[in-house]
1. Looking only at helices (runs of 4 or more DSSP H) that lie completely in the stretch 119-200, which have at least 3 residues being touching a residue at least 12 places away in the same chain (Cβ under 8 Å), closer than 25 Å to Arg74 by Cα and not small (Gly, Ala, Ser)?
2. Can you list residue pairs whose Cβ atoms sit under 6 Å apart, with the first residue in the stretch 26-38 being in the same structural domain as Arg74 (by TED's automatic domain parsing) and the second being of a type in the set (Asp, Glu)? Count only pairs 6 or more apart in sequence or on different chains.
3. Looking at (1) surrounded by fewer than 20 Cβ atoms within 10 Å (Cβ to Cβ); (2) among the β-branched types (Val, Ile, Thr); (3) under 17 Å from Tyr71 (Cα atoms), which one does Val185 not meet, given that it meets all the others?
4. Is one or more of the residues making up the stretch 229-250 of a type in the set (Ser, Thr, Tyr), modelled with pLDDT under 90, part of a helix (DSSP H, G or I) and assigned by TED's automatic domain parsing to the domain that holds Leu126?
5. Check Val155, Val118, Val139 and return the single one that is loosely packed, with under 14 Cβ neighbours inside 10 Å and in the same structural domain as Gln210 (by TED's automatic domain parsing).
6. Within the stretch 189-203, track down each residue that is touching a helix residue (DSSP H, G or I) at 6+ places or on another chain (Cβ under 8 Å) and over 16 Å from Ile146 (Cα atoms).
Amino acid sequence: MLETLKVFLRNRKAAIGLAIVLGYVAVALIGPLFLAADPMARVGRPHMPPDADALMGTTRMGRDVFAQLIYGTRTSLAVGFFAGLLVVAIGTVLGIAAGYFGGLIDEVINFCTNVVLVIPQLPLLLVIAAFLGQTSPFVIAIIIGITSWAWGARVTRAQTMSLRRREYIQASELVGEPAHRMIFVELMPNLLSIIGFNFIGSVTYTIITQATLEFLGLGNPMAVSWGTMLYHAQNSSAIAVGAWWEILAPAAAVAGIGIGLSLLNFGVDEISNPRLRTLGTIAAAAKAQEKLDRARAQGKLQEAAQ
């Protein structure tokens, strides 16, 4: 475990991404404990610019933008991680079942996966959210979770089918190993990188999609999240009246977590993909050789000058 963590932290992208994500998680967990202001309470004049009393200014209703941002971090991250777990659970179970058992099970799951994949996802989410009306953030998470599993299931199925043909898997089956042991002991450890990649990507997608749906007015306007902050900022014409801070804070928060999760995803991909690791080693060696050549050239110039 310690060696795995060391390998993970040696990757610059993974280390930076993990630091950003952990920073957001820390804010979500302990940030509200240090805030005296209620995110829905009026604390000042409408559209008051940032000052000592309101670090990020106030909204049109006089609410503290900083307090809303901190509480919104908790909501948005909780929704993202919940939907990510739901996507991974559905996609992993269906993908392993289809790839390992094959036959009719594979045909049925593969058909359902293809149907879900060909349906445009964002329009589908818009239709479902509009049909349900102004729903809570966690209802949005469930909607995203049950409509976003297909890609993960397809990738997991393909990798499971590849592992299924390995000699050690076939040898274990010949000696009578039960299916559940084959799946949890032999297959699952080799699928962890794909599952992690799928989870991080699903969390990123969920946070951005939730903010999009709530920005369009399809969420609960009384909930405190980054999406509802953008929704209220748009309704109050924050940019038009010069209250840039009202829209900048949630937009920067969404962008920041997106960057952190993307770097983490790229890092996991590089660590788990030997080809990418090789390319990174070659690039690092090329840079080192270039620096060495420059140092030698400078040394020759100095010798010639003397």
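1. 121-132, 137-147
2. Listed by first residue and then by second, the contacts come to Ala37/Asp64.
3. (3)
4. No, the stretch 229-250 contains no residue that is of a type in the set (Ser, Thr, Tyr), modelled with pLDDT under 90, part of a helix (DSSP H, G or I) and assigned by TED's automatic domain parsing to the domain that holds Leu126.
5. From the options Val155, Val118, Val139, the qualifying one is Val118.
6. Asn190, Leu191, Ser193, Ile194, Ile195, Gly196, Phe197, Ile200
The values are calculated or read from the model by the stated rules, or taken from the named source; none is laboratory data. These numbers come from a predicted model, not from an experiment. Methodologically, a virtual Cβ is constructed for each residue, glycine included, from the backbone with ideal geometry; neighbour enumeration extends over all protein chains shown.
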